[in-house]
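What follows is a single structure, written as structure tokens, with notes after it.
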Amino acid sequence: MTSVKIKEVLSALEQFAPLPLQESWDNAGLQIGLTEAEVSGALLCLDVTEEIIDEAVCRGCNLVVSHHPLLFRGLKQISDSTYVQRTVWKAISNGICVISMHTNLDNALHGVNFNIAHRIGLQNARFFAQKTVAGMDCGSGVIGELPCEISSTEFILHVKKQMEAQCAMCNELLRRPIRHVAICGGAGDFLLPDAIHEGADAFITGEMHYHQYFGYSQQIQICVIGHYESEHFTTQIFESIISSACPGLKVVTSQVNTNPIIYL
């Protein structure tokens, strides 16, 4: 098998989701490692934790590709005082490189929200609240249509099943059929007004503030499925990108559930 370097995987990921697409507060891209190193295997995940680094070592992978960045802010020390510092130390000690594709992947064409749209069977998926960045069309939300109208109860059960969500937090059930659906994975309540403006019957996101649920009864069906649940299939996008750009490279999906929230 032809050897592949970290920089080649990084280039493929950034071609799909260019770094200029990320939000100003974000820190996507290379997190840890030397880009000239050869890749023994790539482990795909949502979050980077100590358990993820252990799994990478056990499965013979020296590259971790995550959606959520390990490093959002600068570190003033690397010790054992926080899980981030411990994870950085463990990654460096074991020669593990870490790459994260976050809001650039959220905002990219065929990125996170398009993946959700595909899973729940939306047709004609397209950006809403669209913007242009560095000459590229992008957007934090996607809207599309279900193949046919369904009731609010059917819709919520369908979304839960397809996204493997244990529960959904919703406002008052809509008493009209649902057809047009807007999506923003992760923390997406900032797009709720735009979804309404686009004429969406329902809005799916990962988390919303309590007060955002007020005032929309019978206007739009809110369906909040959990941050982790809305984005854990992002690994499928990574697998497609890397396998296409670097055929033959070992690419595995993490078996560790990093969701910090449990449901009792």
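The values are calculated or read from the model by the stated rules, or taken from the named source; none is laboratory data. All figures in this text were calculated on a predicted structure; none of them were measured in a lab. Here Cβ is always computed from backbone atoms with ideal geometry, including for glycine, and neighbour counts include all displayed protein chains. Each accessible area value is taken on the protein alone, full model and side chains, heavy atoms only, with ligands, DNA and RNA left out. Shrake-Rupley method; radii C 1.70, N 1.55, O 1.52, S 1.80 Å.
Number of residues in the stretch 101-113 that are open to solvent by less than 30 Å² (accessible area, probe 1.4 Å), among the hydrophobic types (A, V, I, L, M, F, W, C) and more than 9 Å from the chain's Cα centre (by Cα) equals 1.
Of all residue pairs spaced 6 or more apart or on separate chains, those with beta-carbon atoms under 6 Å, a first member in the stretch 223-244 that is free of Cβ contacts under 8 Å to residues at least 24 places away in the same chain and a second member that is of a type in the set (A, V, I, L, M) are 243/251. Looking only at the stretch 207-228, filter to residues that are touching a Cys at 6+ places or on another chain (Cβ under 9 Å) and not in a loop (DSSP other than H, G, I, E, B); which one of those is nearest to residue 156 (Cα to Cα)? Only one residue fits best here, namely 223. Scanning the stretch 123-151 for residues that are open to solvent by less than 20 Å² (accessible area, probe 1.4 Å) and in contact (Cβ under 8 Å) with a residue 60 or more places away in the chain gives 128, 138.
With respect to residue 2, is the statement that it is part of a loop (DSSP other than H, G, I, E, B), within 17 Å of residue 97 (Cβ to Cβ) and β-branched (Val, Ile, Thr) true? Criteria not met by residue 2.
Evaluate the following for residue 247: is it part of a loop (DSSP other than H, G, I, E, B) and farther than 19 Å from residue 55 by Cβ? Don't jump to the end; show me each part of the working.
Numbers: part of a loop (DSSP other than H, G, I, E, B): yes; farther than 19 Å from residue 55 by Cβ: yes.
In short, yes.
Only a single criterion out of (1) surrounded by fewer than 17 Cβ atoms within 10 Å (Cβ to Cβ); (2) outside any helix (DSSP H, G or I) is not satisfied by residue 68, namely (1). Scan (1) open to solvent by less than 10 Å² (accessible area, probe 1.4 Å); (2) touching a Gly at 6+ places or on another chain (Cβ under 9 Å); (3) among the polar types (S, T, N, Q) for the single condition residue 221 breaks and write down its number. The number of the failed condition is (2). Pairs linking a residue in the stretch 21-42 that is within 15 Å of residue 68 (Cβ to Cβ) to a residue that is assigned to a loop (DSSP other than H, G, I, E, B) and open to solvent by 40 Å² or more (accessible area, probe 1.4 Å), with Cβ atoms under 6 Å and 6 or more positions apart or on different chains, are 27/72; 28/22. Taken over the stretch 28-40, the criterion of being buried (at least 18 other Cβ atoms within 10 Å of the Cβ) and assigned to a loop (DSSP other than H, G, I, E, B) is satisfied by 28, 33, 39.
For the stretch 163-202, a tally of residues being open to solvent by less than 50 Å² (accessible area, probe 1.4 Å), within 21 Å of residue 115 (Cβ to Cβ) and in a helix (DSSP H, G or I) returns 5. A residue that is within 17 Å of the chain's Cα centre (by Cα), open to solvent by less than 10 Å² (accessible area, probe 1.4 Å) and either of a type in the set (A, V, I, L, M, F, W, C) or under 26 Å from residue 2 (Cβ atoms) (or both) can be found somewhere in the stretch 76-98.
If I filter the stretch 43-54 down to residues being open to solvent by 20 Å² or more (accessible area, probe 1.4 Å) and touching a residue at least 60 places away in the same chain (Cβ under 8 Å), which single residue comes out as nearest to the chain's Cα centre (by Cα)? Once the filter is applied, the top-ranked residue is 47.
For first residues located in the stretch 191-217 and acidic (Asp, Glu), partners that are in a loop (DSSP other than H, G, I, E, B) and lie 6+ apart or on another chain with Cβ distances below 6 Å form the pairs 194/129.
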